[in-house]
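Remarks on the structure that follows.
The values are calculated or read from the model by the stated rules, or taken from the named source; none is laboratory data. Predicted model, so just to flag it, every value in this text is computed and none were measured. FYI the Cβ positions are ideal-geometry reconstructions off the backbone, even for glycines, and counts take in every protein chain you see. Note: areas computed on protein heavy atoms with side chains; ligands, DNA, RNA excluded. Shrake-Rupley method; radii C 1.70, N 1.55, O 1.52, S 1.80 Å.
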Amino acid sequence: MNINGRTAVYGIIGNPVEHTMSPAIHNHISQALGIDSVYVPFRADGNLENIVKGLYSLGVRGINVTVPYKTDIMRELIGVDDVAGAVGAVNTLKYTEKGFYGYNTDVMGLERELESEGISLSGRRVVILGAGGAARAAAFMCISKSPATLTIVNRTRAKAEDIRASLLAYARDNNAGITEDAVSTMEPSDITGLPGSGYIVFQCTKVGLYPDVDSCIINDEGFFEKTETGIDLIYKPETTLFMKRVMDSGGKAYNGLKMLVYQAVCSYEIWNGISVPENVAEDVYKILKGER
Ligand code: ATR
């Protein structure tokens with residue numbers, strides 16, 4: 001890496017950021033493509049308005065945003081794209097002449113992971129486990145793919161209902177092909193009652209995340225028999241208990257590492273106005289798989 005007076009600076013803000021893998025991903029892409037830029041972590045503590053103004057004044061070209069700022073950061077931007085506005089969270093800021101503009105590449109990254117794995121949601125029964133920020137992003141990605149049904153399962157049902165209401169409002173405004181009765185909510189204890197089979201399930205809670213590796217949000221065996229494909233947004237451990245249960249019941253399971261890589265790739269593309277070749281994304285994925 002040859003840092004000079006013209007090197008473009010990018011970074012990630014959050015708290016904590018010590019364990020972020022984003023610098024490894026972005027710096028690898030820059031090196032592979034011969035682009036003169038560097039990506040660094042910024043532990044952001046304090047007044048968000050000042051932080052964003054400071055980054056802008058210094059000409060930082062692009063910023064990723066992680067916990068706990070994905071929603072609060074929206075107040076500091078000149079605008080956000082439609083999906084980020086609907087989800088209510090931003091993870092990517094792009095420098096423009098008037099200020100930073102926001103995007104949500106978590107949604108795009110998950111979409112790209114599904115494409116790369118050859119998973120189509122069209123006409124399928126889909127379940128979202130959880131109703132936090134990650135679940136909201138997954139739910140918005142799903143709604144644009146015309147699933148037959150979408151069921152949001154969460155311990156605190158009111159939060160699932162809240163996502164449902166946002167989804168239906170977005171679907172109405174954007175003519176997404178999903179009806180009100182196709183989107184439902186339930187508590188984990190009621191999951192036995194899910195009709196039919198062939199489900200595609202997104203695990204969007206922190207249950208099962210390292211070091212809590214012996215936990216799984218659902219313990220009902222019948223549910224796993226109905227699950228054809230399970231996508232856990234967790235990538236540490238490599239195989240979560242949720243994934244094991246899906247596979248033990250004959251289903252296919254994926255972790256969240258590809259989503260992580262693709263959300264970074266999508267940010268990189270937004271910032272640089274290029275498309276990152278698939279072989280570069282795959283190299284990054286392999287490197288992270290080895291390092292985790
Ligand atoms: P993020 O924004 O990163 O997705 P979050 O907002 O903390 O994270 O959301 C975590 C999700 O995991 C929530 O849906 C939470 O359920 P509640 O809404 O009922 O709090 C769910 N979750 C976390 N720990 C859980 C547990 N032990 N059992 C069941 N659900 C859990």
Inset, instruction - Kindly provide the set of residues from region 36-65 that are open to solvent by 50 Å² or more (accessible area, probe 1.4 Å) and touching a helix residue (DSSP H, G or I) at 6+ places or on another chain (Cβ under 7 Å), ordered by number. - result: PRO41, GLU49, ARG61
Inset, instruction - Residues that are of a type in the set (Ser, Thr, Tyr): find the strands (runs of 3 or more DSSP E) completely inside region 1-108 holding 2 or more of those. - result: 37-43, 92-96, 99-103
Legend entry - Candidate set: region 118-142, residues that are under 13 Å from ILE200 (Cα atoms) and in a helix (DSSP H, G or I); chosen: the one nearest to the chain's Cα centre (by Cα): ALA138
Inset, instruction - Please state which one of ALA84, ALA160, ALA135, ALA176 is farther than 28 Å from ASN279 by Cβ, without any contact (Cβ under 8 Å) to a residue 40 or more places away in the chain and within 11 Å of the ligand (Cβ to nearest atom). - result: ALA160
Inset, instruction - Go through (1) out of contact with any Lys or Arg (no Cβ under 6 Å at 6 or more places or on another chain); (2) closer than 21 Å to ILE12 by Cβ one by one and return the number of the condition ARG245 breaks. - result: (2)
Inset, instruction - Would you tally the residues in region 148-157 being more than 10 Å from the ligand (Cβ to nearest atom), under 20 Å from the mean Cα position of the chain (by Cα) and free of Cβ contacts under 8 Å to residues at least 40 places away in the same chain? - result: 1
Legend entry - Residue list for region 174-199, restricted to those being in a loop (DSSP other than H, G, I, E, B) and open to solvent by less than 40 Å² (accessible area, probe 1.4 Å): ALA176, ILE178, LEU194, GLY198
